[in-house]
Each structure stands twice: as structure tokens, then as C-alpha cells.
Amino acid sequence: MKFFFTETSKSRVTRHASRLSRHASRVTIILAIAACSTLQQPVPKAPPGGGGELNPQLRTNSASLQAWQGMRFGMFVHWGPISLKGTEIGWSRGREVPISEYDSLYLRFNPELFNADEWISVAKEAGMKYFVITSKHHDGFSIWPSKYTDYDIENTPVKRDVLKEMELACEKQGILFGTYHSILDWHHPDYTTRYRDPRPVEGSDMKKYKEFLFNQVKELIVDYHTNILWFDGQWEASWTHQDGMELYKYIRDLRDDILINNRVDKGFKGMAGMTDSIAKYAGDYGTPEQQIGGFNRDYPWESCITVGDQWAWKNVEKLKSVKVVVETLIKTVGGDGNLLLNVGPMPDGRIEPQQVDLLRGVGEWLKVNGEGVYGTRGGPFLPTDRMASTCKEQFIYLHVMDPSLKEIVLPMPQGVKATRVSILGGKTVSYDNRERQLVIRVPQNLPDSPAYVLKIRINRKAVELEPMEIK
Ligand code: H79
């Protein structure tokens, strides 16, 4: 019989990890008993991701993955010396900002108002449950005192280990801590290729660069207890499929409960961000960028989207509205994905007040409606521009973004009936069960909110319903 957990337990280095591990072994026992005693019940499928074709036994850690999927909403942060210029991190090197100037910015990077607890409080107020910070972007700057480079925070005027402060603030406030790490490095002399220039860099040595990369990743795991490794920049020719699988295995051998995105390997396709062949390529989840992923319950995914139009901070940036961000979150969770919403803090170390206001607005909405977001799965109704749905136990949460709807008609499979409908933060709502249809009469005087959520109790487990299209 095939059980849920196929991965072996390795030594864990964090308290968080051992909590997860204790949880995992309890779940394993319960599932094993369940699998033996109730043959009609489907045995939960192992998560689809893992170490790629070279490591077929190395599967995504189910407990970590499920915990992370339940979080649904995280904070992405792109930050570094380039915030002094307000141009894009990585990409503006050698474009808007001459290389020599870009590479000297760290000498005057001095974010005196940086306060990790404040950042993480903002994430909490926004209703975010995890946090991913750029440990190193394509520009090669390391935001922690790394043993393996001098191009790091230690050699800026900042006399603090800001990454450690972020890790500890996350631990203190109960937020899962993760790191974004670019595989490519246009600053490192051993990294072979440079953007737009296919010629190998003279004297470069990818073997040495890989050693550097692996060593830095180990620092993030051992010294900073990162729980998520969010790779990027794997698309350049210098990085191979073999390298991707090797790096995945290297990490999982150090600690088996870390989540690793699919950009560790070459299976990541375009900005839609999913992996072509999950058996072939390494990675635990897909990463659509600046777009909402399509409905997918089979391969976990997370959309990363900026609050403005740049990843790093930019002066006078036009931000998305609270309504647009809430709708983005709804459509994402409705498609069974997570949302990693990006902010770019300022060179003085603060998250810009207008970004904080936006996040707080989203948090206000989640205070009332979070029940329909956290711990849910997407569906059964496929997201549209007007509505999206999530489900949990015997409840369907219908997120309605169009306040003009007076009556909502939903398809229902034969025999499935609603037994109660209410509005989150409000009263019960009247409805009719018809032949393969549920008709809901939308209440008058809806709350003034970016969207409202109808909580529909049905006479079976909602997650068992096949996905259905709605108009
Ligand atoms: O870290 C964030 C981006 O910096 C990074 N991925 C997210 C998470 C990323 N790296 N590369 N890309 C995204 C693709 C970038 C494409 C573009 Fe451009 C950058 C389009 C516009 C700016 C470079 C400049 C390519 C075309 C013009």
C-alpha cells in the first residue's frame, strides 16, 4: 500500500521544522490507520512535485506543502541598495544605472529606520502568513553577512544583520520565513553569462560559481533557518536541468521540510509559471509571475504580483487599489493558488506609508472574510471576473466581486443541496434548491466592501465536487 509520506526524516535545524515534523509523524500514523480501516475512502495522493527524474524517491514534503497552501497569502519583499536609485532591482544594472554606479551603491546603503518587527507587523495586519525576502537578486548583492562574498550587508554602513532580524521577527510573530535567491548573478566573476551577452565571461568558472551558490544556500538554511527557497534566474544557458536537480537534492538532504519553487530547475515555462513535466523537473510548486495562475488543483502554485509596477521601491509609484488586490487574492485562491504580494521598502528601511495603507485595507477585508481564504481549496466553481469560489469541509465560499448581482444561479450536481446560506460578517441569506441548481437572492444593503462572501453549507464535502463553470 502506498502511504502519504514517502520522504525520510532528516535532522531538523529549527524549532519550526521540528514542530512540522512532529505534526507530520502524527498525520502519518493517522493516515496509515485511516488507509487501512476505511477502504472506501480515497488515500490522499502524494504531492506531485519533488526532485525531478534523477531523484524519483525525493518527493515534496506533504506536511510543509499543506501548511503553506493553507496560508494562501504571503509578503514578498524586494529590497537592496538599488532602492537608493528607485529603479528596478537587477534589471536596471547597466541599463538605467551604469554598472560601476550600480555596483557602488552598497557603500552608501544605510537604512537607519529599518525595523524588522514593524515590517512583519505590517504583514500580519495585511493578513499575510508568510514572508519571502530577496537574500540575493540578479545584481549579486547579499543582504546578510555572507562568509563567501564581500559584496554583502556587512560592507555597507549598516552595522546590523538585517536578515537575522527579519528571521527573528518572523519567528516571534508567527510568520513563516523564506528567502528569494537568484541563481544567476551578473556581478560574480565566476558566473558565466551576462544579460544580453551570450559570450562566456573571461576567466569565469561555472563550477566555482556553483560551489559559491550552494555554500550561500547552505548559509541561508543553517544560519537563517529559511523555510522557503524561492529561486529565480534559472533560465540562462549557464544553468542546466542537471544543476537544478542537484541543487534541489542538496537542499532536501540538508533539511527535508523546506519548500523549493519550480525555478530551481528548467521546467518553469514563461510567465504562466507552471512546470511542463513534473516527473522530469525538480520543484515543489509553480510560480506564475505578474499574473493569476489558471485553476489547478493538481500542481500547487503561487502567483507573485507587485503592489505597483516595479519589484523594488520606486518614487511616486502608482499602486493598485485595495479592491484590485482583494480581487487578485480572490481569483488566485479561487484557482487553488497562493498569492505572494510584493512590496518594495524604501532606502531608509521603511515600507512606504501608502503601501502600508494598501496592505492594511486588504487586512481589513480579510478580518471579515478570511474564513473563506485560509485553509480552503479553490473551486468548485471556476473563477470569473465577477465571482470565485473556495471550499472547506461542507462549505462553499462564493466570493462575489460584482455588487450589481441581484440573484445568483449556481449549477449543482444531482443530489447536492444547500442547507444554509449566509454572508460572512452578516446574516443568513434566502435561497432555493432547484433541479441541479441553487438560486441565491442577494441581500439588499450589502456591506461597503471590495467583495462579499456567501458561505454555502451543502449536504456533502465541498472539495469532492468536480470543478464547474459558472457565468
Ligand atoms: O524578482 C522579480 C523579477 O525581478 C524577476 N522575477 C520576479 C520575481 C525577474 N527576472 N527576470 N524577469 C523577471 C523577467 C523580466 C523581464 C523584464 Fe525586462 C524586465 C521585462 C521588463 C523588465 C528586461 C528588460 C527584459 C526586458 C526588458
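The values are calculated or read from the model by the stated rules, or taken from the named source; none is laboratory data. It should be emphasised that the depicted structure is a prediction, and the values quoted were computed from it without experimental measurement. All Cβ positions, even for glycine, are placed from backbone atoms using ideal geometry, and neighbour counts span all protein chains on display. Remember, those area values only see protein heavy atoms, side chains included, never the ligands or the DNA or RNA. Shrake-Rupley method; radii C 1.70, N 1.55, O 1.52, S 1.80 Å.
Residue count for region 91-118 under the criterion of being over 19 Å from Ser142 (Cβ atoms) and touching a residue at least 24 places away in the same chain (Cβ under 8 Å): the result is 6. Each residue in region 132-173 was checked for being touching a residue at least 12 places away in the same chain (Cβ under 8 Å) and open to solvent by 50 Å² or more (accessible area, probe 1.4 Å), and 10 pass.
Checking the structure you have, find out if any residue of region 327-345 is over 26 Å from Ala67 (Cβ atoms) and within 14 Å of the ligand (Cβ to nearest atom). The answer is yes, given that some residue of region 327-345 is over 26 Å from Ala67 (Cβ atoms) and within 14 Å of the ligand (Cβ to nearest atom).
Flag: Leu319 does not match the condition of being crowded, with 24+ Cβ neighbours inside 10 Å and not acidic (Asp, Glu).
Looking for something aliphatic (A, V, I, L, M), outside any strand (DSSP E or B) and open to solvent by less than 50 Å² (accessible area, probe 1.4 Å) - is there at least one such residue anywhere in region 420-432? Looking through region 420-432, at least one residue is aliphatic (A, V, I, L, M), outside any strand (DSSP E or B) and open to solvent by less than 50 Å² (accessible area, probe 1.4 Å). In the set (1) at pLDDT 95 or above; (2) more than 16 Å from the ligand (Cβ to nearest atom); (3) within 28 Å of Glu53 (Cβ to Cβ), the condition left unmet by His138 is number (2). If you check Arg263 against the conditions, is it farther than 30 Å from Ala462 by Cβ and free of Cβ contacts under 8 Å to residues at least 12 places away in the same chain? Spelling it out, it is not the case that Arg263 is farther than 30 Å from Ala462 by Cβ and free of Cβ contacts under 8 Å to residues at least 12 places away in the same chain.
Contact map, region 456-467: first residue more than 19 Å from Val439 (Cβ to Cβ), second residue among the aromatic types (Phe, Trp, Tyr), Cβ cut-off under 7 Å, separation 6 or more or different chains; pairs are Pro467/Phe295.
Annotation note: of Ile260, Ile292, Ile278, the sole residue that is modelled with pLDDT under 95 and touching a Gly at 6+ places or on another chain (Cβ under 8 Å) is Ile278.
Tallying residues that are among the aromatic types (Phe, Trp, Tyr) and assigned to a loop (DSSP other than H, G, I, E, B) within region 217-236 yields 2.
Strands (runs of 3 or more DSSP E) fully within region 300-417 that include at least 3 residues being closer than 30 Å to Ala63 by Cβ: 302-306, 338-343, 387-392, 395-400.
Considering only region 83-106, state which residues are within 11 Å of the ligand (Cβ to nearest atom) and open to solvent by less than 10 Å² (accessible area, probe 1.4 Å). Once the filter is applied, which keeps residues that are within 11 Å of the ligand (Cβ to nearest atom) and open to solvent by less than 10 Å² (accessible area, probe 1.4 Å), region 83-106 yields Ile89, Gly90, Ser92.
Residues that are among the basic types (Lys, Arg) and in contact with a strand residue (DSSP E or B) (Cβ under 8 Å, 6 or more places away or on another chain) within region 113-144 comprise Lys129, Lys136, listed in sequence order.
If the condition is being open to solvent by less than 10 Å² (accessible area, probe 1.4 Å), within 15 Å of the ligand (Cβ to nearest atom) and not small (Gly, Ala, Ser), then region 203-242 contributes Ile228, Leu229, Trp230, Phe231, Gln234, Trp239.
For region 176-202, filtering for residues that are open to solvent by 10 Å² or more (accessible area, probe 1.4 Å), away from the ligand (no atom under 16 Å from the Cβ) and closer than 21 Å to Cys304 by Cβ leaves 1.
Note on region 215-260: residues that are aromatic (Phe, Trp, Tyr) and more than 22 Å from the chain's Cα centre (by Cα) amount to 1.
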